[in-house]
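The values are calculated or read from the model by the stated rules, or taken from the named source; none is laboratory data. Keep in mind it's a predicted model, so treat the numbers as computed, not measured. Virtual Cβ from ideal backbone geometry, glycine too; neighbours counted across all protein chains shown. For the accessible areas, the whole protein counts, side chains as well, though only heavy atoms, and no ligand, DNA or RNA atoms are used. Shrake-Rupley method; radii C 1.70, N 1.55, O 1.52, S 1.80 Å.
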Amino acid sequence: MTQFDPGEGPSIASITDKVRPLAVGMPVSSVHFLGETAVFVGAEESAAIVNTEGEISRVDLHGGAILCAASDGTRAVTGGDDGKVVALNAKGEVTPLATDAKRRWIDNVALHLDGAVAWSAGKTAFVRGGKGEEKSFDAPSTVGGLAFAPKGLRVAVAHYNGVTLWFPNMAAKPEFLEWAGSHLAVTFSPDNKFLVTAMHEPALHGWRLADNRHMRMSGYPGRVRSISWSAGGKGLATSGADSVIIWPFTSKDGPMGKEPAMLAPLQARVSAVACHPKQDIMAVGYGDGTVLMVRFEDGAEILVRRRGAAAVSALAWSAKGVLLAFGTEDGDAGMVAL
């Protein structure tokens, strides 16, 4: 792989001159596309909406810190330390969805394509279906992550010592997948065959859902804070090292017995990953502020942003894959049309 220093001199390929800088005016915790409108969610109180012309408007969402966010492509849903769950659309309209009765922090949110929304406060997970009915489930410990299965109304609730698979519309007892440790994020593979969690320790853990067989994915120097499935779910790209670690999921055994690919090494820790929705490429953000685009097949790299003063904290592609947005911990942000 050709390597370069993104801080000095020309690179092998660069589109830095095509990036539109955006003065969002706040540290960015996540970014989401609603159509071709980008929503930069701040760490506190508000979000910045950026249209295709680059015009920026600020929208107040919460009365304090914003702790979580998710998007289904038509709305962004956030939870805050004010105990509220709110939805934001591309027009900047804010719709309150829920307020926790005990004013507990909303730690996690997740969205289903059928309109259902899930959120958690403390040990309790909630789901509101597309028709407005609400159900709740008390986990054994504080909820660390939530995810909807790609098919059917099934929710993975990550917590200490494992994950519970909850079926809100069925009387069946929830299924418990056990693995010792604290599970802080959870995701289903796009084909619904695997479930993977990011743990408090520097590792991932997974289960093959057909037989609940374990998959250990370890060896990271740091905690995995960003994960993204490649187009078609063939690989799972992850942060946590000074290269992007990509675990293979092309066979019925997933990554069991296989080595991961390691792409785009820099002398900085990977802080964010976002796979392209249609092609085998990904955007990668680093702790030194660098943003690259990387091709899976051969590791070819294109420089999007040179290193800056703070870590890249957010990356997102538009649904069609023609727009890429990024944000940093110190409020630097940008968008590029490809």
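Observations
- Residues that are buried (at least 16 other Cβ atoms within 10 Å of the Cβ) and not charged (D, E, K, R), drawn from region 44-55: S46, A47, A48, I49, V50
- Residue match in region 280-295 (condition: closer than 27 Å to L209 by Cβ and surrounded by 23 or more Cβ atoms within 10 Å (Cβ to Cβ)): yes
- Near pairs, Cβ below 9 angstrom, 6+ apart or cross-chain, from region 307-326 (on the phi > 0 side of the Ramachandran plot) to any residue that is crowded, with 24+ Cβ neighbours inside 10 Å and not hydroxyl-bearing (S, T, Y): none
- Within region 173-195, the set of residues being in contact with a Phe, Trp or Tyr (Cβ under 6 Å, 6 or more places away or on another chain) and over 17 Å from K151 (Cα atoms) comprises L177, S182.
- Taking region 194-252 as the range and being outside any strand (DSSP E or B), of a type outside the set (G, A, S) and open to solvent by 70 Å² or more (accessible area, probe 1.4 Å) as the test, the residues that pass are H200, E201, D211, P221, R223, R225, K234, D242, T250, K252.
- Residue match in region 102-123 (condition: outside any loop (DSSP other than H, G, I, E, B), charged (D, E, K, R) and at pLDDT 95 or above): no
- Within region 132-153, residues that are in contact (Cβ under 8 Å) with a residue 40 or more places away in the chain and farther than 18 Å from A69 by Cα sit with their Cβ atoms under 8 Å from residues that are open to solvent by less than 20 Å² (accessible area, probe 1.4 Å) and not in a loop (DSSP other than H, G, I, E, B), at 6+ positions apart or across chains, in these pairs: P150/F188; L153/V127.
- Hits in region 152-166 - residues which are buried (at least 18 other Cβ atoms within 10 Å of the Cβ) and of a type in the set (F, W, Y): W166
- T95 under 24 Å from V50 (Cα atoms), open to solvent by 50 Å² or more (accessible area, probe 1.4 Å) and assigned to a strand (DSSP E or B): yes
- Residues of region 41-94 classified as farther than 24 Å from L184 by Cα and over 21 Å from the mean Cα position of the chain (by Cα), total: 15
- Selection status of L22, at pLDDT 95 or above, aliphatic (A, V, I, L, M), open to solvent by less than 20 Å² (accessible area, probe 1.4 Å) and out of contact with any His (no Cβ under 6 Å at 6 or more places or on another chain): yes
- With respect to the stated conditions, G79 fails to be in contact with a strand residue (DSSP E or B) (Cβ under 8 Å, 6 or more places away or on another chain), without any contact (Cβ under 8 Å) to a residue 40 or more places away in the chain and assigned to a strand (DSSP E or B).
- Only one entry of A101, A149, A65 meets the criterion of being surrounded by fewer than 18 Cβ atoms within 10 Å (Cβ to Cβ), in contact with an Asp or Glu (Cβ under 6 Å, 6 or more places away or on another chain) and aliphatic (A, V, I, L, M), and that entry is A65.
- One residue from S29, S46, S57 being among the hydroxyl-bearing types (S, T, Y) and touching a residue at least 60 places away in the same chain (Cβ under 8 Å): S29
- H183 being open to solvent by 10 Å² or more (accessible area, probe 1.4 Å) and over 18 Å from I246 (Cβ atoms): no
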